[in-house]
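The values are calculated or read from the model by the stated rules, or taken from the named source; none is laboratory data. Remember, predicted model here, so these are calculated numbers, not experimental data. Note: ideal-geometry Cβ built from the backbone for every residue, glycine included; neighbour counts use all protein chains shown. With ligands, DNA and RNA removed, areas are computed over all heavy atoms of the protein, side chains included. Shrake-Rupley method; radii C 1.70, N 1.55, O 1.52, S 1.80 Å.
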Amino acid sequence: MTALSHGATLIAPNRTRFQFWAPDIASIGLEIGDEAARLMRAEEGGWHRLEVDCGAGTRYRYRISPDLAVPDPASRAQADDVHGPSVVVDPAAYAWRNTQWRGRSWHEAVLYELHPGALGGFRGVMGQLPRLQALGITAVELMPIADFFGRHNWGYDGVLHFAPDAAYGTPEELKALVDRAHDLGLMMFQDVVYNHFGPEGNYLHAYASAFFRDDVQTPWGAAIDFKNPVVRRFFVENALYWLEEYRFDGLRLDAVHAIPDRDWLLELAETVQEAITDRQVHLVLENDDNDAPLLEQAFTAQWNDDAHHAAHVLITGETGGYYSDYAENPAAALARCLGEGFAFQGEASAYRDGARRGRPSAHLSPDRFVFFLQNHDQVGNRAMGDRLAAIADPDALKVGMALLLLSPQIPLLFMGEELGAREPFLFFTDYAGELAEAVKRGRRKEFGKFPEFATEEAQRRIPDPNRPETFRQSCPSLVAEDAWSRGWQDYVQRLIALRQEALVARFNGARSDGAQALTPRALQARWILGDGTRLTLSANFGPEPISLPPVPGWHFFSHGPSADAIGLGGKSFLAILGEAS
């Protein structure tokens, strides 16, 4: 297990080494509980270190000035939220059961993204695992859990990257969750945020200004300085920490296009690959730049926003905002995603005022792309948190779901999607005072650009992120309690079962055999699978029947009227397995 250069590390049952990087402060005091501060040893490079006789459960803070004591930026746990003392944690306290777990191959992944707080914390998520396994899910992805201010938050406002938020549970409960997932043969993924810190509880500017750049700004403030070796190591160690200490099977790296130092991303991937050789670990990117070379060897896959956006236009007919880039021929855009990976591979984006986006991706295998119809962003960043089941024609949505779950690309479901959930998933935080008001105003101003929210009266309908009700409305029941939810659950479960039984063993080594739009709302995509068979998926999102190019083979799934080898009725889907010519 990688030794951490930051934070509190037990070196004996009742002895702890404290390491704190504060290059702006000459003298640092370590406060243990209510005791007087002990002077730490100042060392070269801005480091302050001290060993103390204390064990797990000890509360501590760093005194950086007479009027300010701060938590450990590498705290493994917090006693009283982000402003309170940090807690010494024994990483060996949890007795793992699944010590022989070696992970699963990436092409087997069927991802399920969830918000731990919305499901009752780590224990609540654990209670969902048997249901998800029965559904056919093979990998569970937690939205970020790094300690944030307040009782609830999406997680992208974390400020203490090594501390699971206490609102979700203890470090031991998180490890028990991962262990239980491995009992059931499920992979566990963690979403991590390395592009910014949240607006409340980040004290780094007070003692380590070198953590940030003064020449580059991001939407969240000064950019993190990944040119600084201490900073680089801090985040590399964080990635290894979740993978080694908590035995996660992979990480999803949030918005890496906001990290200006691409070489650090490569360093991170290389370090993980060298450090963990006894089991399969997967690193997945969110990257608006569509930087395909990062997926050639360094990273396992990327969330494919292009595929989502094109599919969303086909399913809903919406063409505002960034969907405008896909509005002219959404079927052609989605066909390109299925056949080549990205829709934008260097082309100009009208939505981005003509800026070119992306790099060629057709040489990459299908499983380098994570395909989804919904995720936390695409639902929660709508003004009213609308899910597709609440706004889309159900037959068009079922066509999209079949395409999602039978394609060789890696499918991702967002919590509740498998039940046709229609409850909103809203943007929520738990701030107070001026920050709460600023978040509410900023949210409403953002949507003021859209015609339906152009007036102040309309903007007042947008839920206040800080109201407790906003969070409560975003917590799905995840119970198939009526014919609608049971019907969706049966449909999704059947599709995943077909994927597992007829396709997954063939997916390893799959490659595209072409894809094209048949009409602006219909497409056909083909792949040569690893065993030489050809998979052909035909999807018609429009209301009018269409003709199909003749495709011989086994029609192993169809949905909608008149779905056969020569044509598709309106809002229909057909899947065929056959011999490659």
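Quick rundown of the values:
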| quantity | calculated |
| --- | --- |
| Some residue of the stretch 359-368 being open to solvent by less than 20 Å² (accessible area, probe 1.4 Å) and assigned to a loop (DSSP other than H, G, I, E, B) | yes |
| Filter result for A438 (without any contact (Cβ under 8 Å) to a residue 12 or more places away in the chain, open to solvent by 60 Å² or more (accessible area, probe 1.4 Å) and aliphatic (A, V, I, L, M)) | no |
| Matching residues in the stretch 149-193 - criterion: being more than 17 Å from the chain's Cα centre (by Cα) and within 20 Å of G221 (Cα to Cα) | F149, V159, L160 |
| Given (1) free of Cβ contacts under 8 Å to residues at least 60 places away in the same chain; (2) under 24 Å from D393 (Cα atoms); (3) within 27 Å of the chain's Cα centre (by Cα), index of the condition A505 fails | (2) |
| Complete set of residues in the stretch 170-180 that are open to solvent by less than 10 Å² (accessible area, probe 1.4 Å) and under 22 Å from G158 (Cβ atoms) | L174, K175, L177, V178 |
| Residue check for P260: within 20 Å of Y156 (Cβ to Cβ) and out of contact with any Leu (no Cβ under 6 Å at 6 or more places or on another chain) | yes |
| Residues of the stretch 510-548 classified as surrounded by fewer than 19 Cβ atoms within 10 Å (Cβ to Cβ), assigned to a loop (DSSP other than H, G, I, E, B) and touching a residue at least 60 places away in the same chain (Cβ under 8 Å), total | 1 |
| Residue identified as open to solvent by less than 50 Å² (accessible area, probe 1.4 Å) and part of a helix (DSSP H, G or I) among L495, L478 | L495 |
| Candidates Y326, Y241, filtered to the one that is buried (at least 24 other Cβ atoms within 10 Å of the Cβ) and hydroxyl-bearing (S, T, Y) | Y326 |
| The stretch 3-26: number of residues that are without any contact (Cβ under 8 Å) to a residue 60 or more places away in the chain and open to solvent by less than 10 Å² (accessible area, probe 1.4 Å) | 2 |
| Identity of the residue in the stretch 339-354, aromatic (F, W, Y) and out of contact with any strand residue (DSSP E or B) (no Cβ under 7 Å at 6 or more places or on another chain), that ends up surrounded by the most Cβ atoms within 10 Å (Cβ to Cβ) | F342 |
| Some residue of the stretch 251-263 being within 22 Å of A77 (Cβ to Cβ), more than 19 Å from the chain's Cα centre (by Cα), at pLDDT 95 or above and assigned to a helix (DSSP H, G or I) | no |
| Residues that are in a loop (DSSP other than H, G, I, E, B) and either under 17 Å from Q459 (Cβ atoms) or without any contact (Cβ under 8 Å) to a residue 24 or more places away in the chain (or both), drawn from the stretch 425-435 | L426, F427 |
| Unique residue being open to solvent by 10 Å² or more (accessible area, probe 1.4 Å) and at pLDDT 95 or above when the list is A146, A163 | A146 |
| Residues within the stretch 562-579 that are under 36 Å from the mean Cα position of the chain (by Cα) and modelled with pLDDT under 90, tallied | 1 |
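Listed here are the residues, each with its yes/no results for (1) in contact (Cβ under 8 Å) with a residue 24 or more places away in the chain; (2) hydrophobic (A, V, I, L, M, F, W, C).
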residue: E245; (1), (2): yes, no
residue: D263; (1), (2): no, no
residue: A269; (1), (2): yes, yes
residue: E274; (1), (2): no, no
residue: Q280; (1), (2): yes, no
residue: D288; (1), (2): yes, no
residue: A292; (1), (2): yes, yes
residue: L295; (1), (2): yes, yes
residue: L314; (1), (2): yes, yes
